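K.L.:
Take a look at the following structure, please.
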Amino acid sequence: MKKIIVFISMLLVLVSLTACAPKEAEQVVITFKQNKPEIDDALQAYATAYEAATGVKVNAVSCGGGSCTLGDMLKADYAAGEMPDIFPIDGPDSYKQWEAIIADLSGEDWVDETSVEYVVDGKVVGFPVAVEGWGMAYNADLLAKAGIDPKTLTNYAAYMDAFAKLDGMKAELGIDSVVSMTAGPGMYWVTAHHNFNSLLSNGLEYNDLSVANNILAGTIDDTRLNEYADWVDLLFKYADKTVLTTGNYDSQVGAFLNQKAVFLHQGNWVDGNLTDATFKMAFAPHGSSTSDTDGIFVSAPAWYVVNKDSKNYQAALDFLNALVYSDLGQKYMVEDAGMIPAFGNITLQPKGQLSQSVQAWTAEGKVYSWNQYLFAGEFRDNVLGPIYDQLAQGAVTADEFKVLLKTALLESK
């Protein structure tokens, strides 16, 4: 009996000591979701380095391109009560969707370092991911071989002549098509987001919303619409039909990288996929008008917002600040992810040729704004996207495409 009492006493002492022992602090974990799959490798490496430097674990998830839709993922997260701590919005439509949980970031230090933060009713709510731009990316070496000066590519007629000449030199140039472009399901963001913006802002003063607002009010400039539709038809005519109709991001960019196409309808975000390129490249304007245009489309592509209900709210704020002010964060953004920084205190310069081209156009003030996000995402993805796809598939003629496009736009208001 005495041994049992002693044993019980020892157990009680051990339990007491365990209860009094200091507990290890629970590791802080923030969930960061973003919509640029092309920077995922760099982001995962940065998340690992950030944890090593700060002790904060970053659960980084990339969702975008043709294989994953971030909007659908966020809706599922919300339904499950598992919204991320940081996630991106791309404009008014997505801001309104998540407005109730988006934090006011006006007091953050980085606000003074940028001019492209997302502002609503005087409040800063979005951290600019980067500065991005697109026009028609071109292989300068192939154009030189064909005797075409990219500086002449400023209107529809110039592109029509250049495309026809290049098409007649396929064997000599070793190309499969003049243009590398996608228009099928999963890639509607190329057409109904980026290409659509040619209609809305090409040739206009920066932040001139008149064309977009007129369309939303039910007024369409038929001449501008018809010229734009001719541009889309021209791009599709000279694109590789397999890539155009069934291709994904990799096949589209790959054709340009492998010099099987002279032009690529993408933006400077593809620099990370073109590191093995052995040729010179840059951007030319879109030829969606019979009049000359001399600029490309430049803006912040998206903005990171912070979930104000996050249990790790301060850690999320610290993560964003580290991107701007730490050497580790700056290196990730510019050197590893290849992005053009949106913050004036960052002096690092991207190495990618297309990013350098965006910077050159921006430095000259030859830029047009991104107005496509004035239109709802569901409209662009579910209404406009399939219309472009019909033209790509040959299911409708160019004239029928114009009618379908105009009808859809009139119903968008």
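Values quoted throughout were computed directly from the atomic coordinates according to the rules given, and no laboratory measurement underlies them. What you see is a predicted model; the values in this text were computed from it and never measured. All Cβ positions, glycine included, derive from the backbone under ideal geometry; neighbour counts span all protein chains shown.
K.L.:
Using the Karplus curve 6.51 cos²θ - 1.76 cosθ + 1.60 with θ = phi - 60°, work out ³J(HN,Hα) for each residue of the stretch 233-246 in order, rounded to whole Hz, and write x for Gly and Pro.
P.N.:
4, 5, 4, 5, 4, 9, 9, 5, 5, 5, 5, 4, 9, 10
K.L.:
Right, another one. Under a straight-distance cross-link criterion of Cα-Cα below 19 Å, which lysines are reachable from LYS123, leaving out those fewer than 8 residues away in the same chain?
P.N.:
LYS96, LYS308
K.L.:
Moving on to the next point. Which one of GLN359, VAL125, VAL179 has its Cα pushed farthest toward the positive end of the charge dipole of the chain, where Lys and Arg give +1 and Asp and Glu give -1 at the Cβ?
P.N.:
VAL125
K.L.:
Still on this structure, please answer the following. At q = 0.16, 0.25, 0.30, 0.31 Å⁻¹, what is the log10 ratio I(q)/I(0) for the stretch 225-269, with the Debye formula run over Cα points and no solvent?
P.N.:
-0.46, -0.95, -1.14, -1.17
K.L.:
Still on this model: How large is ³J(HN,Hα) for each residue in the stretch 191-208, as worked out from phi by the Karplus curve 6.51 cos²θ - 1.76 cosθ + 1.60 (θ = phi - 60°), to whole Hz, x for Gly and Pro?
P.N.:
For the stretch 191-208, the Karplus curve yields 8, 7, 10, 6, 5, 3, 5, 4, 5, 7, 9, 4, x, 9, 4, 4, 6, 7 Hz.
K.L.:
Springs between alpha-carbon pairs under 10 angstrom, Gaussian network model over the chain: which of ALA217, ALA162, ALA398 fluctuates most?
P.N.:
ALA217
K.L.:
Taking amide H atoms as placed 1.01 Å from N in the peptide plane, list the residues 5 or more away in sequence, or in a different chain, whose amide H sits under 5 Å from that of ILE340.
P.N.:
It is VAL131, by chain and number.
K.L.:
Would you indicate which of (1) 25, 55, 19, 1; (2) 25, 52, 16, 5, 2, 0; (3) 27, 58, 16, 0 is the value of P(r) over Cα pairs in 20 Å bins from 0, in percent derived from the coordinates of this structure?
P.N.:
Given (1) 25, 55, 19, 1; (2) 25, 52, 16, 5, 2, 0; (3) 27, 58, 16, 0, the structure-derived one carries the label (2).
K.L.:
Still on this structure, please answer the following. Sequence gap at least 6, Cα distance under 8 Å: using those rules, report the relative contact order of the stretch 246-364 to the nearest whole percent.
P.N.:
28
K.L.:
Which of the lysines could a cross-linker span from LYS151 if the Cα-Cα distance has to be under 27 Å and same-chain partners fewer than 8 positions apart are dropped?
P.N.:
Cα-Cα hits under 27 Å: LYS165, LYS170, LYS237, LYS260, LYS280, LYS351, LYS366.
K.L.:
Additional query: Under 8 Å for C-alpha pairs, at least 6 residues apart: give me the relative contact order for the stretch 318-413, rounded to a whole percent.
P.N.:
Computed value for the stretch 318-413: 14 percent relative contact order.
K.L.:
Compute the separation of the alpha-carbon centres of the stretch 57-113 and the stretch 261-322 and state it in Å as a whole number.
P.N.:
17
K.L.:
Order of GLU227, GLU132 from fewest to most other C-beta atoms within 10 Å?
P.N.:
Ranking GLU227, GLU132 by Cβ neighbours within 10 Å, fewest first, gives GLU227, GLU132.
K.L.:
Okay, next question. Skipping prolines and chain starts, which residues have an amide H placed within reach, meaning under 5 Å, of the one on ALA60, given they are 5 or more residues away or on another chain?
P.N.:
Excluding prolines and chain starts, which carry no amide H, the hits are PHE32.
K.L.:
Another one. Rounded to the nearest 500 deg cm²/dmol, what is the calculated helix-only ellipticity per residue at 222 nm for the chain, with -39500 (n - 2.57) per DSSP H run of length n ≥ 4?
P.N.:
So the helix-based figure for the chain works out to -12000 deg cm²/dmol.
K.L.:
With 10 angstrom as the radius, rank THR223, THR54 by how many other C-beta atoms surround their C-beta, starting from the fewest.
P.N.:
Starting with the residue having the fewest Cβ neighbours, the order is THR223, THR54.
K.L.:
Quick check on the exposure proxy: order VAL116, VAL298 from fewest to most C-beta atoms within 10 angstrom.
P.N.:
With the sparsest Cβ surroundings first, the list reads VAL116, VAL298.
K.L.:
If each residue of separation counts as 0.36 nm, what is the full-extension length gain between ASN345 and LYS165 once their alpha-carbon separation is subtracted?
P.N.:
Difference between extended and current length: 60.3 nm.
K.L.:
While we're here: Grab the beta carbon distance between ALA140 and LYS331, set R0 = 22 Å, and tell me the FRET efficiency rounded to 0.05.
P.N.:
The value I calculate is 0.15.
K.L.:
Scan around ALA282 for amide H atoms under 5 Å from its own, H built in the peptide plane at 1.01 Å from N, and keep only partners 5 or more places away or cross-chain.
P.N.:
TYR138, ALA140
K.L.:
As a test of the definition: which semi-axes, in Å, follow for the stretch 296-412 when you take the square root of five times each eigenvalue of its alpha carbon gyration tensor? Largest first, please.
P.N.:
The answer is 37, 21, 12 Å, longest axis first.
K.L.:
Under a straight-distance cross-link criterion of Cα-Cα below 15 Å, which aspartates and glutamates are reachable from LYS145, leaving out those fewer than 8 residues away in the same chain?
P.N.:
Cross-link targets: ASP167, GLU172.
K.L.:
Counting only C-alpha contacts under 8 Å and six or more residues apart, can you give the relative contact order of the chain as a whole percent?
P.N.:
That works out to 26 percent.
K.L.:
Dipole magnitude of the stretch 155-281 about its Cα centre, charges +1 at Lys/Arg Cβ and -1 at Asp/Glu Cβ only, in debye to the nearest 20?
P.N.:
280
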